[in-house]
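The values are calculated or read from the model by the stated rules, or taken from the named source; none is laboratory data. Fair warning: this is a prediction, and the values are worked out from it, not measured in the lab. Don't worry about glycine lacking a Cβ; one is built from the backbone with ideal geometry, like all the others, and counts go over all protein chains shown.
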Amino acid sequence: MSPASGLPSTLTVTVSPLTGRSYRAACDIPKGTCVLDVSTPYADMLYKNFRKEVCAECWRYELGRTDFLTCRDFVEAGLWFCDGRCRDIWLEREGIETVALLRTLETARIRSGKGKAKQENFTTPEKITEDALARAWEEVASQEKQAKTLARWKMIKLDDFEADLARYVLVALVHLYRELKSNATRSDKDTTSEPADISHSSGTLNFGGATWRDFAALQSGELPQTSMFPGLLENWIRVYQVLKSRFSYKGPRSSLNTHSSPTDQAAIVDLSDVITPQNVRTALGADLSNSFGIWQVPVAAESEGLGFGTYPIPSIFNHHCSPNVLKERMGRRLRFVTTEKARTGDELCISYGHVDGMSLEERRRYLQDGWFFLCQCSRCINEVNLQTSGDSVDVAGQQHTE
Ligand SMILES: C[S@@+](CC[C@H](N)C(=O)[O-])C[C@H]1O[C@@H](n2cnc3c(N)ncnc32)[C@H](O)[C@@H]1O
């Protein structure tokens with residue numbers, strides 16, 4: 001599926017059985033051309049360790065200095081800003097209700113030094129398969145039909161890893177919620193009564209030209225990730241249980257969350273329709289296989305990873321070990337610039353990591369371990385063919401005949 005919106009006329013999407021969707025040049029493109037420019041991710045998250053040192057809007061980071069983060073209006077929600085301008089840009093896009101939602105979510109985080117809270121019983125399947133994952137999530141969905149389940153889930157506390165993932169999922173689901181509300185408002189505009197929660201929804205719908213449809217069309221990393229790290233399934237289910245129990249509301253508003261202030265309760269929207277096992281799996285599955293790390297800039301080998309963001313439209317770039325497109329980050333903005341001339345029909349690829357100085361085996365291991373795929377780029381295929389023919393290749397891709 002190609003992206004619903006935001007694709008420049010210089011790019012076209014093709015699909016191959018081996019590598020899925022990828023971008024190709026729709027015309028001849030000179031070297032140094034910006035082929036894609038995306039202002040913000042669909043969902044993003046700064047790791048808790050860096051939150052007090054990085055602006056939540058422009059992602060400015062000054063090697064651990066914090067004095068430039070002068071706007072601290074929403075620190076309970078885990079949001080530090082350079083100043084009121086960064087705060088207002090963030091609020092304009094995300095909406096004031098998201099501050100209340102994030103603040104409530106932070107109350108579900110195990111406070112440092114408080115150890116591990118009592119968790120739900122969970123047995124990880126012996127072997128992770130599509131069926132085993134489906135059964136585990138069906139079990140969760142059936143549990144929530146029991147009256148006391150949500151009250152019990154409300155007591156669950158998340159460790160930092162899980163709470164950070166929950167923030168990322170929550171941001172994505174609020175975007176979906178707002179898209180649905182906006183569509184409903186548009187189709188209901190002849191009627192006088194608005195949907196109950198629309199008054200709580202603020203902000204502009206602009207998530208880097210992408211919609212939930214684009215986000216949900218991303219390749220899911222759920223099976224490869226949970227197969228490699230089976231404990232992830234329990235982490236993901238706990239994320240779901242916390243989101244469902246705290247932000248789903250079918251009764252009186254005061255029963256929504258006993259931990260948040262009355263102001264927060266008033267501002268919190270009812271996310272029950274969007275917090276579903278399928279949507280949470282979609283958001284988490286899109287993470288590792290598609291997200292871009294938010295690296296300290298300028299990027300160097302020792303750059304800190306501050307968090308990650310998922311940009312559905314750029315996520316269609318496939319990897320190449322000698323790429324012809326370079327990614328540049330400026331704040332939340334990602335720009336993709338050609339590093340050589342591309343002819344009509346050429347595949348346009350970025351590099352997913354620093355593979356330059358690696359041998360074929362090292363590159364393939366790196367991509368398999370970190371990204372769960374066997375690299376099929378033309379450089380790797382050429383080197384495999386050369387190895388079969390007995391010739392050798394050095395790490396710069398130069399061929400040496402024996
Ligand atoms: C960020 S997505 C890129 C878009 C993806 N092809 C799609 O259809 O959505 C990353 C996934 O694309 C595929 N991919 C990207 N580059 C590849 C390559 N060089 N060789 C094989 N598969 C690749 C892998 O399945 C990988 O998990």
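Scanning the range 298-323 for residues that are surrounded by fewer than 19 Cβ atoms within 10 Å (Cβ to Cβ) and without any contact (Cβ under 8 Å) to a residue 40 or more places away in the chain turns up P298, V299, A300, E302, S303. For the range 4-48, the strands (runs of 3 or more DSSP E) that sit wholly inside it and include 2 or more residues that are closer than 15 Å to T344 by Cβ are 11-16, 20-25.
Comparison of D44, D37 shows that the only residue that is in contact with a strand residue (DSSP E or B) (Cβ under 9 Å, 6 or more places away or on another chain), buried (at least 20 other Cβ atoms within 10 Å of the Cβ), touching a residue at least 24 places away in the same chain (Cβ under 8 Å) and of a type in the set (D, E, K, R) is D44.
Among the residues of the range 298-331, those identified as under 21 Å from Q219 (Cβ atoms) and part of a loop (DSSP other than H, G, I, E, B) are Y311, P312, I313, F317, H320, C321, P323.
Results for (1) at pLDDT 95 or above; (2) β-branched (V, I, T); (3) under 20 Å from A141 (Cα atoms); (4) away from the ligand (no atom under 15 Å from the Cβ), shown as yes or no for each residue.
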residue: L205; (1), (2), (3), (4): no, no, no, yes
residue: Q219; (1), (2), (3), (4): no, no, no, no
residue: M228; (1), (2), (3), (4): no, no, no, no
residue: L233; (1), (2), (3), (4): yes, no, yes, yes
residue: I237; (1), (2), (3), (4): yes, yes, yes, yes
residue: Q241; (1), (2), (3), (4): yes, no, yes, yes
residue: K250; (1), (2), (3), (4): no, no, yes, yes
residue: S260; (1), (2), (3), (4): no, no, no, yes
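Report yes if F336 is aromatic (F, W, Y) and within 12 Å of the ligand (Cβ to nearest atom), otherwise no. Answer is no for this residue. Note on the range 10-37: among residues that are farther than 29 Å from G331 by Cα and touching a Lys or Arg at 6+ places or on another chain (Cβ under 8 Å), the one that is farthest from the ligand (Cβ to nearest atom) is D28.
Would the range 119-136 turn up any residue that is hydrophobic (A, V, I, L, M, F, W, C) and within 26 Å of R72 (Cβ to Cβ)? So far as the range 119-136 goes, no, none of its residues is hydrophobic (A, V, I, L, M, F, W, C) and within 26 Å of R72 (Cβ to Cβ).
Here are some residues: R152, R135. Which one is in the same structural domain as P224 (by TED's automatic domain parsing), within 18 Å of G285 (Cα to Cα) and at pLDDT 90 or above? Outline the logic, then answer.
Working: R152 fails: within 18 Å of G285 (Cα to Cα).
That would be R135, the only listed residue that is in the same structural domain as P224 (by TED's automatic domain parsing), within 18 Å of G285 (Cα to Cα) and at pLDDT 90 or above.
Looking across the range 359-381, the residues that are within 7 Å of the ligand (Cβ to nearest atom) and either of a type in the set (S, T, Y) or not in a helix (DSSP H, G or I) (or both) come down to F372, F373, L374, C375, Q376, C377. Determine if the range 343-353 includes at least one residue that is outside any strand (DSSP E or B), in contact (Cβ under 8 Å) with a residue 24 or more places away in the chain, crowded, with 21+ Cβ neighbours inside 10 Å and within 15 Å of the ligand (Cβ to nearest atom). Yes, the range 343-353 contains at least one residue that is outside any strand (DSSP E or B), in contact (Cβ under 8 Å) with a residue 24 or more places away in the chain, crowded, with 21+ Cβ neighbours inside 10 Å and within 15 Å of the ligand (Cβ to nearest atom). In this structure, is D188 charged (D, E, K, R) and modelled with pLDDT of 95 or more? It is false that D188 is charged (D, E, K, R) and modelled with pLDDT of 95 or more.
Take the conditions (1) within 16 Å of the ligand (Cβ to nearest atom); (2) more than 24 Å from F229 (Cα to Cα); (3) of a type in the set (D, E, K, R); D273 misses just one of them, which is (1).
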